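The values are calculated or read from the model by the stated rules, or taken from the named source; none is laboratory data. Every value quoted in this text rests on a predicted model; they were computed, and no experiment measured them. Every residue, glycine among them, receives a Cβ derived from its backbone with ideal geometry; neighbour counts consider all protein chains shown. When the accessible area is computed, the model is the full protein with side chains, heavy atoms only, and any ligands, DNA or RNA have been set aside. Shrake-Rupley method; radii C 1.70, N 1.55, O 1.52, S 1.80 Å.
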Amino acid sequence: MNKQPEITDATREALVNAFFQLAGKNNIIQITVREIINSAGYSRATFYRYFKDVFAVIEYAEDSFFQKTREALAEHEKGNSIYDRHFF
């Protein structure tokens, strides 16, 4: 991918957000690539540039959540957490 990282991150996040919007209304097993791309406004080719299938979207979201949690815990241990500065 030769695009700027900000653009690729924004595209990936738009697809993930579209998935979760659909998941709020539907059973996640029934969500299709077509529904995700229609909701996000991207092409099928763009979806497959970022994800193998719908389950890869879920896996990416889980990995991202756990990575952000690890980073927040590391900041907390260093005393740099926003919560440490504002609430304690």
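Hey, if you put +1 on the Cβ of every Lys and Arg and -1 on every Asp and Glu Cβ in the chain, which of Asn38, Leu15, Leu73 ends up farthest toward the positive end of that dipole? Checking the options against the dipole of the chain, the answer is Asn38.
Multiply the residue gap between Ala10 and Ala61 by 0.36 nm, knock off their C-alpha separation, and tell me the result in nm, one decimal place. Let's see the in-between values first.
Numbers: separation 51, 0.36 × 51 = 18.36 nm, distance 1.36 nm.
17.0 nm is the gain from fully extending Ala10 to Ala61.
Which percent of the accessible heavy-atom area of the range 1-84 goes to carbon and sulfur, probe 1.4 angstrom? Mind showing how you got there, number by number?
Details: 3100 of 5890 Å².
Its accessible area is 53 percent carbon and sulfur atoms.
In straight-distance terms, cross-link reach from Lys52 covers every one of the aspartates and glutamates whose alpha-carbon lies under 20 Å from its own, apart from those fewer than eight places away in the same chain; here that gives Asp9, Glu13, Glu35, Glu62, Asp63. In the chain the longest region clear of trypsin sites (Lys or Arg not before Pro) that are loop-assigned by DSSP and have at most 12 other C-beta atoms within 10 Å covers 53-88. Phi angles across the range 46-56 convert, under the Karplus curve 6.51 cos²θ - 1.76 cosθ + 1.60 with θ = phi - 60°, into 3J(HN,Hα) values of 5, 4, 6, 5, 9, 9, 6, 6, 5, 5, 5 Hz, Gly and Pro given as x. Helix-only arithmetic for the chain: the sum of -39500 (n - 2.57) across DSSP H runs with n ≥ 4, divided by the residue total, places the mean residue ellipticity at 222 nm at -23500 deg cm²/dmol. The local environment of Gln67, defined by Cβ-Cβ distances under 14 Å, has a net charge of -4 under the rule Lys, Arg +1 and Asp, Glu -1. Against the main long axis of the alpha-carbon atoms of the chain, helix 5-23 sits at an angle near 70°.
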